[in-house]
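Every number here is computed from the coordinates shown, using simple stated rules; none is lab data. Model, not experiment: these values are computed from the prediction. With ideal geometry, Cβ positions are generated from the backbone for all residues, glycine too; neighbour counts draw on all protein chains shown.
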């Protein structure tokens, strides 16, 4: 299976471990990722520009490129996934927007046929194209006894009509179970981490992160598995701040599901970006896989 | 005696505001709202809002343009889409809030000041590189809003840097000219 890989801007920076582990795991299960050639920013949220048309056009250039490459797009970042999908959706639904976007794209010598490209989330592509059977067969060191909270975040499954239930999805649960981990009860699995509010309204975002960490702790999770670079950044990078503000003592590592898959498949730590997390995951992983503690931890 | 002219003026102002919202992607169904409150009950940040989503929709329909566009609540929306997923009338509440944010920004409302600074920084970074470069974006944004924020974010920045998560130089795409041409054309068409 070949897919156009859209890493998105976060995966070149704070989410580097997600990029590394995505490439390693996909290669391992036979999914061929061809990086979308000369991709640009997804346009981020549609108020990142004062004018909405600009956002949709920035986003649509990527769809043009994928159409040219003749491949469906796979995005690991839930925000990119939602923005690219929404752009295609509104281009299909709204003739006025379609006309204006087409005119702007034409100024750059591009065109796009709405609906021509399917945008998929990495979690969906890995399970549907790699397949749970194949993944199970590749597990060399099962994550036995590792208690993991499956955290999807918001935009992996919402607004709706995606690849899983918008409030109570199970795909990540299935994957983690296939890797041998113990999935804990995590009713807040699709609640919000605060996203970019961490920059603009920190008290609101810190409160949401506190709720997510508390629920994981109360259900005995030793780790949270995530499918989005914003979620990882907020829960990992700001866990210390949550502890400070709320007087808590959380010490819960936040790994990408691709990193956990890679560990279970016996891929080298360096290929999975392990050690890039701020709350060290080494001790929890060492307990369940009887591995040496990975380098780079405090 | 009622001043009939005022009533006509008020009615038309109200219609104009609803029309603006109706015309934006996702805003088409705002008339279908039954004010059930599922959106506000589902919102993870309604706790922080003076005007939670249900009330915002009612205010839009009542034509309370200034109150809505000046509302700080708009800027608490995290775009988690829980309201949209649960709305029994299939209203794209999140997208309506996006539309309101953009209107507030376009009119330079005080509550939108930081968002405008962020949007301007964002578009200039993307215009320049084609990709978002988080450190570059933040520096531009903080410079416009709160230079002190640069200091307080130092410790986390250092941790990220040591773990290879904070690039010092950003990436640039090949098709910068092409993207600039597209953005220029879109700005021209979407302009006031």
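Miscellaneous remarks
- Mean separation of Cα pairs under 8 Å and 6 or more residues apart, divided by the residue count, gives chain B a relative contact order of 17 percent.
- Spin-label model distance (nm) - residue B:127 vs residue A:134, 7 Å beyond Cα toward Cβ: 4.4
- Computed from Cα positions, the angle between helix A:52-69 and the longest principal axis of chain A comes to roughly 80 degrees.
- Across segment A:143-298, the mean sequence separation of Cα contacts (distance under 8 Å, 6 or more residues apart), normalised by length, yields a relative contact order of 24 percent.
- Normalised contact order of chain A, rounded percent, pairs of Cα under 8 Å and 6 or more residues apart: 19
- Zone residues, segment A:236-257, relative to residue A:286, backbone N less than 19 Å from point 7 Å out along Cα-to-Cβ: A:251-255
- Sites residue B:62 and residue B:177 - FRET efficiency at Förster radius 45 Å, r taken between beta-carbons, to 0.05: 0.45
- Exposure proxy for B:77, A:288: other Cβ atoms within 10 Å of each Cβ, ordered fewest to most, give A:288, B:77.
- Sum of -39500 (n - 2.57) over DSSP H runs of 4+, divided by residues of chain B (222 nm, nearest 500): -17500 deg cm²/dmol
- Between the alpha-carbon centres of segment B:95-124 and segment B:27-94 there is a gap of 17 Å.
- Computed from Cα atoms, the angle from the helix B:134-145 axis to the main principal axis of chain B rounds to 60 degrees.
- Chain A: calculated mean residue ellipticity at 222 nm from DSSP helix runs of at least 4, using -39500 (n - 2.57): -12500 deg cm²/dmol
- Gain upon complete extension [residue A:35, residue A:182; 0.36 nm per residue less C-alpha separation]: 49.6 nm
- Inter-site label distance for residue B:4 and residue A:1 at 7 Å from Cα along Cβ, in nm: 6.8
- Projected label points at residue B:156 and residue B:47, each 7 Å from Cα along the beta carbon direction, are separated by 1.8 nanometres.
- Helix A:16-28 axis, angle to chain A major axis (alpha carbon atoms, nearest 10°): 90
- Neighbour-count ranking [beta-carbon atoms within 10 angstrom, fewest first] of A:39, B:142: B:142, A:39
- Each of B:96, B:183 was scored by other Cβ atoms within 10 Å of its Cβ. Listed from fewest to most, they are B:183, B:96.
- Compared with the direct C-alpha span, the chain from residue B:169 to residue B:72 gains 31.4 nm at full extension, assuming 0.36 nm per residue.
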